[in-house]
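Read through the structure below, which is laid out as structure tokens, and then see the notes.
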Amino acid sequence: MTIALREFITRRKKELNALILAHFYQPPEIQDVADFVGDSLQLARQAAETDAGVIVFCGVSFMAESAKILSPDKMVLLPEIKAGCAMADMISANGLKNLKEKHPGAVVVCYVNSTAEVKAESDICCTSANAVNVVKSIPADRTIIFVPDRNLGAYIRSRTGREMILWEGCCPVHDRLGGEEVRNQMKLHPGAKVVVHPECPPDVIQLADAVRSTAGILNYVKTSPEKEFIIGTEEGFLYTLQQNCPDKVFHLARQEFRCEDMKLTSLDKLAAALERLEYQIEVPEDIRQKAYITLERMLKVN
Ligand code: 13P
Ligand code: SF4
């Protein structure tokens, strides 16, 4: 069954001249059939640069939306329309407009984990991979509003020394990890390096040997002479790490570290998406044009 599905996906992909993009948190079988697996920044770059006619985004809605914003002439498909991001839903365009009114002249930096409408209300976007550089690119005399992740915002603040007005949003999956759990893992695996995602809360960040985006974590463990790591991010990523570094040992920082939305994609749904050309992502043109500027500024930073 799985073999037949994989064959269908490969054949249909060729017929459509489609590119299958997958985030690192996607289930192993999806990572295996994807043309490219990466972090949010790498995936946005792929979407902006591809000459494929159709982009199938195995991830969550804000990622597929970003692909459509960057490549409006391409058909962008999200195999499961319900795959959203709880953090992106923690801020609305109206909420951001109200905050901007309280701080006229502030530069708004929005994390890519946000809706197209929120991007359209922002000045520049960032991902966890380039957030520090994006904030450093803003003149020192400008006030910065950062939305919606307070944990990533606090981390950027600690790295840049910049004062920022933070939105009170977070990723419920990463925010749940506590310093106590990490310390327990450190006791169980003394000598293991602790590498975490910047969506984790500050008490976890303080304990980490390295704080990186998902692609950054992969690069860190690949190039490290160390053999054992405690990983503070979503569990799907362990598959990627094990595939890339079979001689190294990885421990999840907590038992349950799962983004349910990322697990909504399956081979069945991917095959159906390719067969029926669904679900097509559309962004109203006025919103898209404004959000495009926000994303484009980010892509120029590095
Ligand atoms: P990355 O950009 O590091 O892959 O993170 C995306 C994300 O949604 C983390 O929860
Ligand atoms: Fe959103 Fe968190 Fe899931 Fe990433 S892990 S997609 S931030 S809910």
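None of the figures in this text is laboratory data; all of them are computed from the coordinates on show. Keep in mind that this is a model prediction, so the values were computed, not measured. For neighbour counting, all protein chains shown are included, and Cβ atoms are generated from backbone atoms with ideal geometry for every residue, glycine included.
Summary of computed values
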{"read-out": "R0 of 25 Å, Cβ-Cβ distance Asp203-Asp247: FRET efficiency to nearest 0.05", "value": "0.20"}
{"read-out": "The chain, relative contact order [Cα under 8 Å, separation at least 6], %", "value": "23"}
{"read-out": "Proximal aspartates and glutamates to Lys100, defined as alpha-carbon separation beneath 12 angstrom and excluding residues fewer than eight positions away on the same chain", "value": "Glu121, Asp123"}
{"read-out": "In nm, spacing of pseudo-spin labels at Glu228 and Lys290 (7 Å Cα→C-beta vector)", "value": "5.2"}
{"read-out": "Positive minus negative residues near Ala129 (Lys, Arg vs Asp, Glu; Cβ under 10 Å)", "value": "0"}
{"read-out": "Segment 219-286: proportion of alpha-carbon pairs further apart than 16 angstrom, %", "value": "62"}
{"read-out": "Over segment 72-198, relative contact order from alpha-carbon pairs under 8 Å, at least 6 apart, %", "value": "22"}
{"read-out": "Hits among aspartates and glutamates - C-alpha to C-alpha of Lys193 under 18 Å, sequence gap 8 or more where chains match", "value": "Glu180, Glu181, Asp203, Asp209, Glu226, Glu228, Glu234, Glu235, Asp247"}
{"read-out": "For the chain, the spread of Cα positions along each principal axis, largest first, Å", "value": "52, 51, 28"}
{"read-out": "Low-density loop positions, trypsin sites (Lys or Arg not before Pro), segment 108-204 - DSSP coil, at most 12 other Cβ in 10 Å", "value": "Arg142"}
{"read-out": "Mean Cα-pair separation over length for segment 141-284, i.e. relative contact order, pairs under 8 Å, 6 or more apart, %", "value": "19"}
{"read-out": "Sequence-distant residues sharing a close amide H with Phe36 (under 5 Å, placed H)", "value": "Ile20, Ala22"}
{"read-out": "Table column - 3J(HN,Hα) (Hz), segment 29-44, Karplus curve with 6.51, -1.76, 1.60, x for Gly and Pro", "value": "5, 7, 4, 5, 9, 6, 6, 8, 10, x, 8, 4, 5, 4, 5, 5"}
{"read-out": "Residue-averaged [θ]222 nm for the chain, counting only DSSP H segments that reach four residues, each worth -39500 (n - 2.57)", "value": "-12500 deg cm²/dmol"}
{"read-out": "Charge context of Met164, other residues only, Cβ under 11 angstrom, K/R +1, D/E -1", "value": "+3"}
{"read-out": "Overall Cα dimensions of segment 17-138, principal axis frame, Å, largest first", "value": "47, 30, 28"}
{"read-out": "Computed E for Leu299/Arg159 - FRET, C-beta separation, R0 25 angstrom, nearest 0.05", "value": "0.75"}
{"read-out": "Among the listed pairs Lys13/Lys290; Lys82/Lys119; Lys68/Lys269; Lys14/Lys290; Lys227/Lys263; Lys97/Lys136, those beyond 26 Å (Cα-Cα)", "value": "Lys13/Lys290; Lys14/Lys290; Lys227/Lys263"}
{"read-out": "Whole-Hz ³J(HN,Hα) from phi, Karplus 6.51 cos²θ - 1.76 cosθ + 1.60, for segment 100-115, glycine and proline x", "value": "4, 4, 6, 10, x, x, 5, 8, 9, 9, 10, 5, 4, 6, 7, 6"}
{"read-out": "Size descriptor, Kirkwood hydrodynamic radius, that averages inverse alpha-carbon separations across segment 150-274, Å", "value": "15.5"}
{"read-out": "Nitroxide proxy distance, nm - points 7 Å out along Cα→Cβ at Asp141 and His103", "value": "1.9"}
{"read-out": "Once exposed loop GluC sites (Glu not before Pro) are cut out (DSSP; at most 15 other Cβ, 10 Å), longest piece of the chain", "value": "1-162"}
